[in-house]
Amino acid sequence: MSAIDDLPPLREVIREHGLSARKSLGQNFLLDLNLTARIARAAGPLDNATVIEVGPGPGGLTRALLALGAAHVIAVEHDARAIPALQAIAQRYPGRLEIVCADALTFDPRPYLGSAKAKIVANLPYNVATALLIGWLSSEPWPPWYDMMVLMFQREVAERIVAREDEEAYGRLGVLANWRAETRILFDISPAAFVPQPKVTSSVVRLIPRETPEPCERRLLEQVTAAAFGQRRKMLRQSLKSLPADPARLAAAAHVDPTRRAETIPVSGFVAMARELADIRNENSNTR
Ligand code: SAM
């Protein structure tokens, strides 16, 4: 018996199902169910909630989500070896756990959801964690199909997600994340909590999508930040030269001096530049 349910301890589950950790799948398992319950609680009240969990593995976080009352958990796991272990959890919580054996990078959860918004809660595989987050933050239409994400990343990635201007970790990811969501690092988890132990500390991050981010075309925002941060040590008047627009005009739209560097420009400045880029594109198409 474990701390939160009457299922076997996770070590036993891993042994029984031969779930030796595979590096290629970013497998670092959390075996302490008190810790997985702490992550699940960070997603707020779970009664009536539908949760998408990516990478349940042996099911430590899945069990916590269900024990804390999640009405419906859709667990997307790429490793077929974990499916029998997850099926035992599904039996313990009839009708509440749906197991999908798929690659989360190409999985579209929308057909699985009802009209209510889902929460995404996951201890993400580190090798695809950023790509998954960018995919969720790039959802169209916006606001998206989820109303909260509680996700575990390597600390260094978590810092990039929450970073704002003038912080060392600020870059394209911080602009996208903070344009579309309120972001916060909730707590850290030591490498010692995982099996096998990773080299670095992990952090749990909460992202709450903004209902109405400052309006601009996401692709143009990405184009501007790619140019600006692609040469982050250069002044905007140089780094923005790769765009089909006069860098001075873009900087003026953001009310910043073109001698400034990308890392000093707030999200709202990049949004203003993306809007200006749209105006320039429209002017050019009208004169054709
Ligand atoms: N949730 C478990 C825990 O907290 O102990 C396992 C977390 S482990 C860091 C990441 C999990 O994601 C593994 O179970 C791994 O097999 C799975 N995974 C890796 N790549 C995946 C992908 N592309 N799609 C879905 N699951 C994936």
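The values are calculated or read from the model by the stated rules, or taken from the named source; none is laboratory data. On a predicted model such as this, the values are computed, not experimentally measured, just so you know. All Cβ positions, glycine included, derive from the backbone under ideal geometry; neighbour counts span all protein chains shown. To get the accessible areas, we keep the full protein, side chains included, count just its heavy atoms, and leave off ligands, DNA and RNA. Shrake-Rupley method; radii C 1.70, N 1.55, O 1.52, S 1.80 Å.
Checking the a/c ratio against 1.5 first, then a/b against b/c, what shape does the Cα gyration tensor give for region 78-127?
oblate
Return the FRET efficiency for the residue pair SER24, ARG96: r is the Cβ-Cβ distance, R0 is 30 Å, and the value is rounded to the nearest 0.05.
Numbers: r = 30 Å, r/R0 = 1.02.
Working from the Cβ atoms, E equals 0.50.
Under 16 Å Cα-Cα from LYS199, which lysines qualify once same-chain neighbours fewer than 8 residues away are excluded?
Cα-Cα hits under 16 Å: LYS23.
Given R₀ = 30 Å, FRET efficiency for GLU168-ASP47 by Cβ-Cβ distance, to 0.05?
For R0 = 30 Å, the calculated efficiency reads 0.15.
Grab the Cα-Cα distance for ALA278 and ALA248, subtract it from 0.36 nm times how many residues apart they are, and report the gain in nm with one decimal.
Values: separation 30, 0.36 × 30 = 10.80 nm, distance 1.54 nm.
The span from ALA278 to ALA248 would gain 9.3 nm if fully extended.
So between THR287 and ASP5, what do we pick up on full extension, going 0.36 nm a residue minus the alpha carbon distance? Let's see the in-between values first.
Working: separation 282, 0.36 × 282 = 101.52 nm, distance 6.77 nm.
Residue separation times 0.36 nm, minus the Cα-Cα distance, leaves 94.7 nm.
What are the ³J(HN,Hα) values, in whole Hz, obtained from phi via the Karplus relation 6.51 cos²θ - 1.76 cosθ + 1.60 with θ = phi - 60°, for each residue of region 82-89 in sequence order, with x given for Gly and Pro?
7, 4, x, 5, 6, 5, 5, 5
Would region 153-288 count as rounded, prolate or oblate if I go by the C-alpha gyration tensor, calling it rounded below 1.5 in a/c and otherwise prolate when a/b exceeds b/c, oblate otherwise?
Numbers: a/c = 2.87, a/b = 2.10, b/c = 1.37.
Taking the square roots of the gyration eigenvalues as a ≥ b ≥ c, region 153-288 is prolate.
Contour minus end-to-end for ASP108 and GLN238, with contour as 0.36 nm per residue of separation and end-to-end as the Cα-Cα distance?
42.8 nm
Taking the full set of protein chains and a 1.4 angstrom probe, give the accessible area of TYR112 in square angstrom, rounded to the nearest 10.
Rounded to the nearest 10, that gives 80 Å².
Which percent of Cα pairs goes in each bin when the distances of the chain are cut into 10 angstrom slices starting at zero?
6, 27, 30, 19, 12, 5, 1, 0
Write down the Å³ per residue value for the convex hull defined by the alpha carbon atoms of region 224-264.
55 Å³
Please state the equivalent ellipsoid semi-axes for region 196-235: what are the square roots of 5 times the Cα gyration tensor eigenvalues, largest first, in whole Å?
Its equivalent ellipsoid spans semi-axes of 29, 21, 8 Å.
Take GLU211, project a point 7 Å from its Cα along the Cβ direction, then tell me which residues of region 127-152 have their backbone nitrogen under 16 Å from it.
142-148
Loop only by DSSP, 14 or fewer other Cβ within 10 Å of the Cβ. Give me the GluC sites (Glu not before Pro) in region 100-209 that pass, ordered by residue number.
In loop regions of region 100-209 (DSSP not H, G, I, E or B), the sparsely surrounded GluC sites (Glu not before Pro) are GLU167, GLU168.
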